[in-house]
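Everything below concerns the one structure shown next.
The values are calculated or read from the model by the stated rules, or taken from the named source; none is laboratory data. Just so it is clear, the structure is predicted and the values come from calculations on it, not from any experiment. Positions of Cβ are generated from backbone atoms using ideal geometry, with glycine treated the same way; all protein chains shown enter the neighbour counts. These area figures cover heavy atoms from the full protein model, side chains too; ligands, DNA and RNA do not enter into them. Shrake-Rupley method; radii C 1.70, N 1.55, O 1.52, S 1.80 Å.
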Amino acid sequence: MPNLDESLRELYGFPTFRGPQREIIEHHLAGGSALVLMATGDGKSLCYQLPAFVGEGLTIVVSPLIALMDDQVAALEARGLPATCIHSMLDKRERQARFEAVLRGDVKLLYCTPERFRVADFLTKIRGADVRRIAVDEAHCLSQWGHDFRPDYQRLGEVREALGSIPCLALTATATPQVQDDIRTTLGMADAQLFHSGIARDNLALSVHHALTDQDKLDRLEAVLRATGGPAIVYCALIKDLRMLENELQRRDFWPMVYHGDLSAHERRTQQAKFQQRDDALMLATNAFGMGVDKADIRAIVHWQIPRTLEAYYQEVGRAGRDGQGAFCELLYREEDLVIQRNFAEWANPTADFACDVIDHMVGLGDRLHAADVDTLRETFLTKNRHDGRVDTVLRLLRAAGCTTGEAGLDLSLVRVPDAAEVAAWLPGDKRQNDLLGLLKMVRYATESECRKRTVHAHFGFEDDFKDGCGSCDACVKIAEWQTTRMPPSKPLTRGR
């Protein structure tokens, strides 16, 4: 076993390990697999990076976001550490050059998305490298019962088996006991040791403001942003609300940035870079923003509408206060907003019959399928509603199962037609009910008067002792006093600062 303290100082410049990091790294270097539950900002990435650089062979890291991979590789390369990533945003020549470096043994840590294993011969060729370990980041994405399901994650158990059932770290900040079981089953690591640092974040204050009107919400949002300063994020479920807030806040002398799916990839990268560089940044964003943001000094996170699940909510508020200083997180709750998330739950869950109808239509298109884009397929089955994602879900499931090649509008081809039983297995009948139950739990969090952190911790299976209150939620303390005593000085978010 290498001297880990010395390696930590030499490779990263850190004086000591945090929480269970050392124990996880020692376990992994000894050939063990593990399920790692660590709060955002607690240092999950070190748990697979350090073993990669001090151990033998290659470590593969499966990550859901290309931007996140690029950022982590850039940071490692800046330290002179041999890491790279391979993804679809690189041109063919660059992908090939990086792959050849991996096969030569010049690289110790390789990042890729789960979709990369669908690329012809990638898995076969990567077996030619000396692959010793695999890490699955944001592992909750592999569970249909999680809040951010990615179908291609479900193939990672087969990938691990094809690589010789090598030691695996599955890492996430948000996984209920049900999702933890799903992770273990899918990755074939039922007996893997569990490591966790808990989910306690004493420096985060959680609060809910009950509003009768959108004007009330707007007034409260302005008051929160003036009190906390920045950097800050305001999350919106709908792009139209985000645009409305941009205009309203500008009238109140704020200068917000925006991040949503209607922006080009270049615009999104530019906005994210500006947010990370500024200490007075105010970002209005959909939930697409945040996973790839490495910013320690976020002082406030406000949700304009109720999120769909407690897992999604706690992951998003967990992006605040990663520097250990006080940060304020408030949900602006209005009962009328529930219809938005109820609709999202319906639109995210096609029935097996719906999926079979889409597949039958694709078969009937024959050669015309090559030119069919997503909008054309949507118009065939859906009313004009940009948020109804049922067709998109069916296409993702087909792609993950190896039934299609290409992309909608880009030489889409149906190479295998699944039978009804296979489609039904992709879409369990109780998935929609489970999603609606998740929304109900979120409503209970927002409307009940008990300690909010007790509710969150119990949801994730942690029976923490809050008999005297958590000391950092609006059910247990006066939030204005908490802000006065716990929030550090921050930059005003208005132009007239």
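Spacing of the modelled spin labels on Leu440 and Tyr12, each 7 Å from Cα toward Cβ, amounts to 4.2 nm. For region 289-397, the Kirkwood hydrodynamic radius from C-alpha pairs, put into Stokes-Einstein at 4 °C and a viscosity of 1.567 mPa s, yields a diffusion coefficient of 77 µm² per second. Start at zero, step by 10 Å, and the Cα-Cα distances of region 71-188 spread as 13, 42, 34, 11, 0 percent across the bins. Restricting region 1-46 to GluC sites (Glu not before Pro) that sit in a DSSP loop and have at most 12 other Cβ atoms within 10 Å of their own Cβ leaves nothing. Taking max minus min of the alpha-carbon positions on each principal axis, region 154-225 gives extents of 58, 26, 20 Å, largest first. Note that region 98-234 presents 38 Å² accessible area per residue, ligands and nucleic acids not counted, probe 1.4 Å.
Subtracting the Cα-Cα distance of Glu161 and Arg93 from their residue separation scaled by 0.36 nm leaves 21.5 nm. Over the chain, dividing the summed -39,500 (n - 2.57) contributions of all DSSP H runs of at least 4 residues by the number of residues returns a 222 nm mean residue ellipticity of -12500 deg cm²/dmol.
Just to confirm a number: summing +1 for Lys and Arg and -1 for Asp and Glu over residues other than Ala97 whose beta-carbon lies under 12 angstrom from that of Ala97, what do you get? Surrounding charge for Ala97 is +1.
In this simple spin-label model, placing a label point 7 Å from the Cα along the Cα-to-Cβ direction at both Asp219 and Ala75 gives a separation of 4.2 nm. Carbon-plus-sulfur accessible fraction, the chain (probe radius 1.4 Å, protein heavy atoms only): 46%.
The label point for Arg278 and the one for Asp375, both projected 7 Å from the Cα toward the Cβ, are 3.2 nm apart. Less than 9 Å Cβ to Cβ from Gly57, Lys/Arg counted +1 and Asp/Glu -1: what total charge do the surrounding residues give? Surrounding charge for Gly57 is +1.
Rounded, prolate or oblate: which one fits region 248-302, using the alpha carbon gyration tensor with axes a ≥ b ≥ c (rounded when a/c is under 1.5, else prolate when a/b beats b/c, else oblate)? Note, shape of region 248-302 comes out oblate.
In a simple Cβ point-charge model (Lys, Arg +1; Asp, Glu -1; nothing else charged), the chain has a dipole of about 880 debye relative to its Cα centre.
Extension gain, Thr405 to Ala424, is 4.7 nm, computed as 0.36 nm per intervening residue step minus the present C-alpha separation. When the charge dipole of the chain is built from unit charges on Cβ atoms (+1 for Lys and Arg, -1 for Asp and Glu) and taken about the Cα centre, the candidate among Trp304, Ala97, Leu163 whose Cα reaches farthest toward its positive end is Ala97. Between Ala190 and Glu267, the contour length at 0.36 nm per residue exceeds the Cα-Cα span by 23.5 nm. Taking every C-alpha pair closer than 8 Å and separated by at least 6 residues, the mean separation divided by the residue count of the chain gives a relative contact order of 16 percent.
Shape of region 15-152 from the C-alpha gyration tensor: oblate (a/c of 1.5 or more and a/b not above b/c, with a ≥ b ≥ c the square roots of its eigenvalues). With a cut-off of 10 Å between beta carbons, the residues surrounding Arg322 carry a summed charge of -1, where Lys and Arg count +1 and Asp and Glu -1.
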